[in-house]
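K.L.:
Below is the structure I would like to discuss, written out as structure tokens.
The numbers here are math on the coordinates, done by the rules we state, and not lab data. Quick caveat, the model's predicted, so the values are computed rather than measured. Here the Cβ positions follow ideal geometry from the backbone for every residue, glycine too, while neighbour counts run over all protein chains shown.
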Amino acid sequence: MTGRTWLRHLAFLLPAAVAVLALTYLLPPFRTYQLATVGAYLCVTAGLTVLTGLNGQLSLGHGALMATGAYTLALTQNALAGRGQWTLLVSTAAAVVVTTAVGAVIGCAAARLRGPYLAGLTLAVAVVVPSVTSTFESVFNSDQGLSVALDPPPLALGATFPYERWQAWLSWAGALLTLFLLANLVRGRFGRNLRAVRDDEAAARLAGISVARTQVSAFVVSAACAGLGGALFAVLAQSVSPGAFPLTLSLFLLMAVVIGGLGSLTGAVCGAVLLVALPAATHSLTDAVHVSPAVAQRLEGNLPLAVFGVVLIVVMLALPGGLASLGRTLRRERPDP
Amino acid sequence: MPSSPDSAAPPGLALQNIGVRFGGLVALDDVSLHVPPGRVVGVIGPNGAGKTTLFNVVCGFVAPTAGTLTLDGRPLRPQPHRLTRLGIARTLQGVGQFAGLTVLENVQAGAGHHARTGFASALFGLSRADRDERRLRDEAHAALERCGVGHRAHLRPDALPYAERKRVALARALVSRPRLLLLDEPAGGLGADEIRELGALITGLDCAVLLVEHHMDLVMAVCQEILVLDFGRPVAFGTPGVIRADPVVAEAYLGAEVETP
């Protein structure tokens, strides 16, 4: 294993960046918007797979962390409205910082909990955070939510530059940066310590690894990613409301990283694609098969969840390591680097 | 109890009048032991005699209810994850390996406190983080070679036979370059030849060793001093010759006849 880590990881990401760039010119606006959504989800799934897959901490609360990032972006962006394009950078940074802080608090509690108790704690976070918006109605505007004041794409890109393309650029800039930093982080000592703590806490302690510190930093890193993903969601939707971050979002995120392959960044990419593709495919299916309006309404929210569940079961039966392990299985004969 | 630790206390690890109670159960009662630098000291006794509890006290997994610990004359308040920085390493009963890490990574995990770069360097993939990582890898390779399992570096531990997994566990302890190595039943589950090789390895170490072991041949061969525990109390202490001749020990633990190695 020679060469510089950052160069190697950049060599992976540059073609991806070029591909995304090309797609934003090739795809129709709605597909471009979906591509942008994949980018935003990717930030979250990448962070979640590091936490749950590599460190073994189950989080059912990442939807709430996304909400934290989204609301922080909305509030900061609205406070700075109309001062120029740079404000988006500031409010995104604010979203990441605030979510990281929230993640640190939850992480400190999480480091003391194991298994079902940790799941319970994060579940409580997922339920409580959206309801905060109705408690502090004057700030968060309850169920109505907030609209986000965003500037149009920079004029330098041309007056007719499609807004969806700009959104896709923003969200994939965030996603690729997240992947780059996480890939750097998990390939070295940090990632090894995460996995060591996951596998055997007593042995990890004796190997000189602080279990609590490792678990808290895993949560913090993961929360930062979720905050960025949430912020990008607010940018894409140009609004935030508690309804956009229900408990099912957290469950979807977790299912996505499991289907993609726990602990694998490639798996996080697969998961993010599924999070957009599966509900969309379900929609076009219900549209194609004509059902009565009452049945259609009932299927609306539940069918994607059911489809996700079925996909989860099928993938786990066929590829217990998730979709990302498909490549690994085929590469089996090559020795480890 | 000595109140002037710096001048009076001996170099190496010293346990003075250590007691451990779990509720009404006395696990250790008034145990004192000194492990000088470079010496190999054994702890033997029947199951439940408190041998592993003694290790857990030294490692900080169990807080003693009485007595003091010193390391090189300084009071020792051990925390498990700080031990390698103090120059103490321990292997666990069984193998205690990270199943999701390769053999090499398992050993690298034990060398973490030799790293010179932190989170930020790793986050941005700076070349100094790479250099650091390469150094840890070289150290881990060297430790594996020393334990005779260098050729297994890229396998998962569960792909190895039991004896080799024990060697990997030893390599992970050695990679931290300990001054004191705590070995908890290193010969458990090994065959006669493997135990002989393990004995040679222990004798060749340049650090102090505290050895808990049931296999008498190994204990008698490698230890310079032996402490015998029974029901948490020290019943004998001395050289292998003294222990072998002690009638109390023979009755409590060794049985009638002791095979000489």
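K.L.:
So how do A:287-293, A:126-132, A:306-312 stack up, highest first, on mean other-Cβ count within 10 Å? Walk me through the intermediate numbers first.
P.N.:
Details: A:287-293: 8.4, A:126-132: 16.9, A:306-312: 14.9.
Ranked by mean Cβ neighbours within 10 Å, highest first: A:126-132, A:306-312, A:287-293.
K.L.:
Over the range A:182-337, what relative contact order in percent results from Cα pairs under 8 Å that are six or more residues apart?
P.N.:
Rounded, it is 19 percent for the range A:182-337.
K.L.:
Quote the FRET efficiency, to the nearest 0.05, computed for A:Ala212 versus A:Val127 with a Förster distance R0 of 30 Å and r equal to the Cβ-Cβ distance.
P.N.:
0.70
K.L.:
Quick test of the membrane-span-like rule: which DSSP H helices of chain A reach at least 18 Å along their long axis (C-alpha atoms) with mean Kyte hydropathy at least 0.0?
P.N.:
Numbers: long enough: A:5-26 (32 Å, 1.54); A:29-48 (29 Å, 0.77); A:62-79 (26 Å, 0.44); A:86-110 (35 Å, 1.88); A:115-135 (31 Å, 1.37); A:163-187 (36 Å, 0.62); A:211-237 (39 Å, 1.61); A:247-260 (20 Å, 2.61); A:265-288 (34 Å, 1.37); A:293-318 (36 Å, 1.60).
Length and hydropathy pass: A:5-26, A:29-48, A:62-79, A:86-110, A:115-135, A:163-187, A:211-237, A:247-260, A:265-288, A:293-318.
K.L.:
Separate question: For the range A:186-263, just list the percent of Cα-Cα distances falling in each 10 Å bin from zero outward, please.
P.N.:
Spelled out bin by bin, the range A:186-263 gives 15, 36, 29, 16, 4 percent.
K.L.:
Could you give the length gained on full extension between B:Ala99 and B:Asn17, defined as 0.36 nm per residue of separation minus the Cα-Cα distance, in nm? Don't skip to the end; give the middle numbers.
P.N.:
On the way: separation 82, 0.36 × 82 = 29.52 nm, distance 3.84 nm.
In short, 25.7 nm is gained.
K.L.:
Sticking with this structure for a sec: Running a GNM on chain A with Cα contacts under 10 Å, which residue among A:Ala46, A:Ala70, A:Ala324 ends up with the highest mean-square fluctuation?
P.N.:
Comparing A:Ala46, A:Ala70, A:Ala324 in a Gaussian network model of chain A, the most mobile one is A:Ala324.
K.L.:
Give me the angle, in degrees from 0 to 90, between the Cα long axis of helix B:162-174 and the longest principal axis of the Cα atoms of chain B, rounded to the nearest 10.
P.N.:
Orientation of helix B:162-174: about 80 degrees from the principal axis.
K.L.:
If you take the beta carbon distance between A:Leu80 and B:Arg196 as r and set R0 to 51 Å, what does 1/(1 + (r/R0)^6) give as a FRET efficiency, to the nearest 0.05?
P.N.:
0.10
K.L.:
Tally the DSSP beta bridges in the protein assembly as shown and give the antiparallel ones as a percent, rounded to 5.
P.N.:
Close to 55 percent.
K.L.:
Who wins for biggest fluctuation among A:Phe190, A:Phe219, A:Phe233 in a Gaussian network model of chain A, springs between alpha carbons below 10 Å?
P.N.:
Evaluated over chain A, the most mobile residue of the options is A:Phe190.
K.L.:
Of the listed peptides B:204-217, A:262-275, A:142-155, what is their order by residue-averaged count of other C-beta atoms within 10 Å, with the highest listed first? Please list the in-between numbers first.
P.N.:
Values: B:204-217: 18.5, A:262-275: 24.6, A:142-155: 16.0.
Most protected by this proxy first, the peptides run A:262-275, B:204-217, A:142-155.
K.L.:
List the residues of the range B:131-172 whose backbone N lies under 15 Å from a point placed 7 Å from the Cα of B:Arg116 along the Cα-to-Cβ direction.
P.N.:
Output list for this probe position: B:131-139.
K.L.:
Against the longest alpha carbon principal axis of chain B, how many degrees, from 0 to 90 and to the nearest 10, is the axis of helix B:127-146 turned?
P.N.:
40
K.L.:
Taking just the alpha-carbon atoms of chain B, what radius of gyration and Dmax come out, in angstrom?
P.N.:
Cα-based Rg and Dmax for chain B come out at 19.3, 65 Å.
K.L.:
Still on this model: Can you quote the Å³ per residue value for the convex hull of the Cα atoms in the range B:103-177, rounded to an integer?
P.N.:
80
K.L.:
Once you wrap a convex hull around the alpha carbon atoms of the range A:58-173, what is its projected area averaged over all directions, in nm²?
P.N.:
8.5
K.L.:
Taking neighbour counts of Cβ atoms within 10 Å as a proxy for exposure, in what order, fewest first, do A:Leu88, A:Leu317 appear? Write down the numbers at each step before the final one.
P.N.:
Working: A:Leu88 19, A:Leu317 8.
Fewest-to-most ranking of A:Leu88, A:Leu317: A:Leu317, A:Leu88.
K.L.:
On to the next question. Starting from the Cα-Cα distance between A:Val295 and A:Arg114, subtract it from 0.36 nm times their residue separation and give me the gain in nm to one decimal.
P.N.:
Length gained between A:Val295 and A:Arg114: 61.1 nm.
K.L.:
What is the diffusion coefficient of the range A:5-246 in µm²/s, taking the Kirkwood radius over Cα pairs and the Stokes-Einstein relation at 37 °C with a viscosity of 0.692 mPa s?
P.N.:
Translational D for this selection: 176 µm²/s.
K.L.:
Is there a simple number for the mean count of other chain Cβ atoms within 10 Å of the Cβ of residues in B:84-90, and what is it? The partial results should precede the final answer.
P.N.:
Numbers: counts 5, 1, 1, 0, 1, 3, 5.
Taking all residues of B:84-90 together, the mean is 2.
K.L.:
Please tell me the relative contact order of chain B in percent, rounded to the nearest whole number, where contacts are Cα pairs under 8 Å and at least six residues apart.
P.N.:
Once divided by the residue count of chain B, the mean separation gives 26 percent.
K.L.:
Please compute the alpha carbon radius of gyration of the range A:241-284, then divide it by the globular-protein estimate 2.2 N^0.38 Å. Two decimals is fine.
P.N.:
1.20
K.L.:
Considering only A:Ala231, A:Ala159, A:Ala110, give the residue with the highest GNM mean-square fluctuation for chain A, with springs between Cα atoms whenever their separation is below 10 Å.
P.N.:
A:Ala159
K.L.:
Same structure again: If I take every Cα pair under 8 Å that is 6 or more residues apart in the range B:40-80, average their sequence separation and divide by the length, what percent do I get for the relative contact order?
P.N.:
The value is 30 percent.
K.L.:
Please state, as a whole number in µm²/s, the translational diffusion coefficient that the Stokes-Einstein equation yields for the protein assembly as shown at 37 °C and 0.692 mPa s, with Rh defined as the Kirkwood radius across alpha carbon pairs.
P.N.:
So the translational diffusion coefficient is about 121 µm²/s.
K.L.:
Taking the Cα centroid of the range A:265-318 and of the range B:129-195, what is the distance between the two, rounded to the nearest whole Å?
P.N.:
If you average the Cα positions of each part, the centres end up 48 Å apart.
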